[in-house]
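See structure below.
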Amino acid sequence: MTTGRVPVRTRIAPSPTGFLHLGTARTALYSWAYARHHGGQFVLRIEDTDVARSTQDSVEQILVAMRWLGLDYDEGPIYQMQRLERYHAVVEQMLAAGTAYRCYCTPDELEAMREAQRARGEKTRYDGRWRPRPGKTLPLPPAGVQPVVRFANPPDGHVHWDDLVKGPISISNEEIDDLIILRPPPEGAGAGALGVPTYNFAVVVDDWDMAITHVFRGDEHINNTPWQINIFRALKAPLPLFGHCPIILGEDGLKLSKRRGAVSVTAYQEAGYLPEAMLNYLARLGWSHGDEELFSREQMVQWFDGSHLAKSPAQWDPAKLAWVNAHYIKVAADDRLAALVVPFLQQRGVTVEAADARLAARCALFKDRCNTLAELADWLAMFHLPPAPSDADRATHLTDAVRPALAALRARLASVSWDKAGIAQAMKDTLAEHKLKMPQLAPPVRVAVCGRSQTPAIDAVLALYDRDAVLQRLAVVLD
Ligand code: GLU
């Protein structure tokens, strides 16, 4: 599992063309945990060479999401667009060494080449017409055409690697054509503008320069890896180990995608998931440690040695994620939940101070019945918003038969000590006086005060309201 190179260095290399995708977050987590497990380093690199689609806003979103997940990096963010000179220097070395060459084909020529190959029933590929060979005379470079630089891929043999996830993989070099590694600067870019390298080349120079020992990434890149290995070899650079994680499938068995639900880390943060729940759930989505389903970040670091990574795609399971989140909400400290729930309450029109001690106490009472912070806020909003019981609850619970008991309870509540014990006593005395049982009185009180017929124990709930608010809400239904 190791290259023998120390320290172990891993990286995540997102392209800043949107939010932090769940799949990228998962490979970031694996890379981070692997580095931490080995006491190594984790690097964040921003692959922003797709200039048209990369934005600073997206970089910010990615950084915020990484911070939220607690995936701390030791170096970076390193921006590829700030390293253009380095890529050019490496290209020059390769041109001099003959492992790269200039190609003057125009887009039209390339299209005609592919067209002819298709017509012959062949696989489309660059035919090597500008590749120097012993005894071959190259055409004269046409005037006015800015060349690209291509990698001179080895013409025969195999590329072989032992994938950390998929096991041994071998590809014949005959399958692989001469990849473009550097494009000319766009027309009108101005004097001195540098051309931009392609992904497969920049990634190799970076992984080499950054001394990356282990590359975890999504298996959509598996077809790129043979090129990258050949470029590493051409540069006489030490090879990292590669681990390609299978894609994440949506509930429908198709690739998890934006069109079919939330795919960004931020969307889950906004829906009220806790970062430790996301980490735990993402970790299990493609990796296991025995039967463990719930584990801390520290345990994951301790266990994550690159083994037990799943070869087959994992399926996104919202119900399981909700279960994991419910667990972490239940065990979270009350004052932390209080701080976290404030923005969710704000969305529900409730302004409240996180430092309000009663907010933490309310979180304590409801946290064992919520899948998300949004659900917690739905409960807590009832302490602030006027009750709005359903017609059915009104008809069932706020009957004339129960009103005298409600009135009596209200009178008692006006003078008891305002705590759980005092309120429980008032309930008990009212039940005795009116010859009722708890299930006959508690639901009407809930509907009148909380606007719903089910809550945790009524004495505990009422104690978390202001006395005046309870008296006023009971008065409304007694009118
Ligand atoms: N920028 C690439 C991506 O976001 C990185 C792939 C890699 O890790 O090499 O998919």
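The values are calculated or read from the model by the stated rules, or taken from the named source; none is laboratory data. Quick caveat: nothing in here was measured; it's all calculated off a predicted structure. We place every Cβ from the backbone using ideal geometry, glycine too, and count neighbours over all the protein chains shown. What goes into the accessible areas is simple: the full protein's heavy atoms, side chains included, and nothing from ligands, DNA or RNA. Shrake-Rupley method; radii C 1.70, N 1.55, O 1.52, S 1.80 Å.
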How many of the residues making up the stretch 416-473 are under 12 Å from A405 (Cα atoms) and of a type outside the set (K, R)? 15
Of everything in the stretch 166-217, what is at positive phi and in contact with a strand residue (DSSP E or B) (Cβ under 8 Å, 6 or more places away or on another chain)? Give them in sequence order. A211
Name the single residue, out of those in the stretch 126-151 being touching a Ser or Thr at 6+ places or on another chain (Cβ under 9 Å) and in a loop (DSSP other than H, G, I, E, B), that is nearest to N200 (Cα to Cα). V145
Could you please let me know if R125 is open to solvent by 60 Å² or more (accessible area, probe 1.4 Å) and touching an Asp or Glu at 6+ places or on another chain (Cβ under 7 Å)? yes
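For residues in the stretch 56-65 being in contact with a helix residue (DSSP H, G or I) (Cβ under 9 Å, 6 or more places away or on another chain) and among the β-branched types (V, I, T), which is nearest to the ligand (Cβ to nearest atom)?
Among them, the one singled out is I62.
The rows are residues; the columns are (1) within 13 Å of the ligand (Cβ to nearest atom); (2) under 17 Å from T24 (Cβ atoms); (3) under 24 Å from the mean Cα position of the chain (by Cα); (4) in contact (Cβ under 8 Å) with a residue 12 or more places away in the chain.
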{"position": "G218", "(1), (2), (3), (4)": "yes, yes, yes, yes"}
{"position": "N224", "(1), (2), (3), (4)": "yes, yes, yes, yes"}
{"position": "I229", "(1), (2), (3), (4)": "yes, no, no, yes"}
{"position": "L239", "(1), (2), (3), (4)": "no, no, no, yes"}
{"position": "L249", "(1), (2), (3), (4)": "no, yes, yes, yes"}
{"position": "G253", "(1), (2), (3), (4)": "no, no, yes, yes"}
Residue count, the stretch 180-212, condition assigned to a loop (DSSP other than H, G, I, E, B) and within 15 Å of the ligand (Cβ to nearest atom), comes to 4
Determine which single condition P154 fails, assuming it passes every other condition in (1) in a strand (DSSP E or B); (2) surrounded by 13 or more Cβ atoms within 10 Å (Cβ to Cβ). (1)
Could you tell me whether S264 is on the phi < 0 side of the Ramachandran plot, surrounded by 14 or more Cβ atoms within 10 Å (Cβ to Cβ) and among the small types (G, A, S)? yes
Is it the case that the stretch 108-118 has a residue that's in a loop (DSSP other than H, G, I, E, B), under 25 Å from Q228 (Cα atoms) and not basic (K, R)? no
Suppose we filter the stretch 187-206 for residues that are in contact (Cβ under 8 Å) with a residue 40 or more places away in the chain, open to solvent by 50 Å² or more (accessible area, probe 1.4 Å) and among the hydrophobic types (A, V, I, L, M, F, W, C); how many remain? 1
If a residue has to be in contact with an Asp or Glu (Cβ under 7 Å, 6 or more places away or on another chain), within 12 Å of the ligand (Cβ to nearest atom) and either without any contact (Cβ under 8 Å) to a residue 24 or more places away in the chain or open to solvent by 10 Å² or more (accessible area, probe 1.4 Å) (or both) to count, how many in the stretch 15-49 make the cut? 2
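Residue-wise test of (1) open to solvent by less than 20 Å² (accessible area, probe 1.4 Å); (2) touching a Ser or Thr at 6+ places or on another chain (Cβ under 9 Å); (3) of a type in the set (K, R).
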| site | (1), (2), (3) |
| --- | --- |
| R403 | no, no, yes |
| L406 | yes, yes, no |
| K428 | no, no, yes |
| V447 | yes, yes, no |
| R452 | no, yes, yes |
| D459 | no, no, no |
| L462 | yes, no, no |
| D468 | no, no, no |
For the stretch 419-479, which helices (runs of 4 or more DSSP H) that fit wholly inside it have 1 or more residues that are farther than 19 Å from T396 by Cα? 420-434, 458-463, 467-478
Would you please list the contacts, defined by Cβ atoms under 6 Å and residues six or more apart or on different chains, that run from a residue in the stretch 297-319 that is in a loop (DSSP other than H, G, I, E, B) to a residue that is exposed (fewer than 14 other Cβ atoms within 10 Å of the Cβ) and modelled with pLDDT under 95? G306/M1
Of the conditions (1) under 32 Å from the mean Cα position of the chain (by Cα); (2) outside any loop (DSSP other than H, G, I, E, B), the single one that R233 does not satisfy is (1)
Test for L71: is it surrounded by 18 or more Cβ atoms within 10 Å (Cβ to Cβ), within 16 Å of the ligand (Cβ to nearest atom), aliphatic (A, V, I, L, M) and modelled with pLDDT of 95 or more: yes
So G272, is it open to solvent by less than 10 Å² (accessible area, probe 1.4 Å) and in contact with a helix residue (DSSP H, G or I) (Cβ under 8 Å, 6 or more places away or on another chain): yes
